[in-house]
Ligand code: HEM
């Protein structure tokens, strides 16, 4: 996947937001989610297996969201009709996230881009990258609740290349921790520092 050719993907650049979190905040969160060096290894294995499936995973995620009429105005037009341009423009970045979540070092660039993704789900920055007219804020409750679908769905994809079940379990556990870590950091723009 060529990151340079993904419009709006500003990972590691000055255009991404600056995270209000410190590396110590990140270390503590990693400890709480239980992400270990073994998990990092399992995530690298997962990246190989998911590399050519990420786009299908995102298609499935979106299909699940599309089944719920009240969710459609957040990714389509405000009246719930589809916005193929917005979907197509934002999809490569979501695809890239699947692999980034398995491979990116957890450093300052990582922190900054997670802040950026969080902002892009809120009225601070949603729609801006792709000039969409969709509803401008995804309620935090839906961001959190949808994490269950993102995590549960991943298992079949991790198993799709014939890895033994115990290896699939390890990769799935590591992927679960990684997604929880990401989404937790994405909630930072939703609340003030004291409550977060
Ligand atoms: C755990 C749950 C979720 C994950 C893992 C996730 C992941 C992502 C990622 C990686 C991006 C691309 C960010 C970027 O690099 O620009 C994105 C953007 C987006 N997501 Fe989510 N998302 C989640 C929940 C939701 C929900 C519940 C909705 C509701 C419809 C949603 C709608 C969108 C939309 C519309 C965008 C484009 C935002 C923009 O205008 O820049 N997401 N999401």
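The values are calculated or read from the model by the stated rules, or taken from the named source; none is laboratory data. Small disclaimer: the values here were computed from a predicted structure and weren't measured. Cβ: placed from backbone, ideal geometry, glycine included. Neighbour counts: every protein chain shown.
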- [ ] Give region 117-144 a look and list any residue that's more than 7 Å from the ligand (Cβ to nearest atom), buried (at least 18 other Cβ atoms within 10 Å of the Cβ) and outside any loop (DSSP other than H, G, I, E, B), or say none.
- [x] 118, 119
TODO: Would you please name the residue that is nearest to the ligand (Cβ to nearest atom), looking only at residues in region 86-116 that are out of contact with any helix residue (DSSP H, G or I) (no Cβ under 9 Å at 6 or more places or on another chain) and under 21 Å from residue 60 (Cβ atoms)?
DONE: 89
TODO: Among the residues of region 147-165, write down those that are in contact with a helix residue (DSSP H, G or I) (Cβ under 7 Å, 6 or more places away or on another chain), surrounded by fewer than 19 Cβ atoms within 10 Å (Cβ to Cβ) and assigned to a helix (DSSP H, G or I).
DONE: 147, 149, 151, 153, 155, 159
Task: Among (1) within 14 Å of residue 179 (Cβ to Cβ); (2) over 16 Å from the mean Cα position of the chain (by Cα); (3) buried (at least 16 other Cβ atoms within 10 Å of the Cβ) - the single one residue 83 does not satisfy - done: (1)
Task: Selection status of residue 168, over 23 Å from residue 11 (Cβ atoms), within 11 Å of the ligand (Cβ to nearest atom) and touching a helix residue (DSSP H, G or I) at 6+ places or on another chain (Cβ under 7 Å) - done: no
Open item on the list: What's the total number of residues in region 19-50 that are more than 16 Å from the ligand (Cβ to nearest atom) and either crowded, with 19+ Cβ neighbours inside 10 Å or in a loop (DSSP other than H, G, I, E, B) (or both)?
Closed with: 10
TODO: From the list 51, 46, 88, pick out the single residue that is over 28 Å from residue 165 (Cβ atoms), at pLDDT 95 or above and within 17 Å of the chain's Cα centre (by Cα).
DONE: 88
Task: residue 65 vs. criteria part of a helix (DSSP H, G or I) and away from the ligand (no atom under 12 Å from the Cβ) - done: no
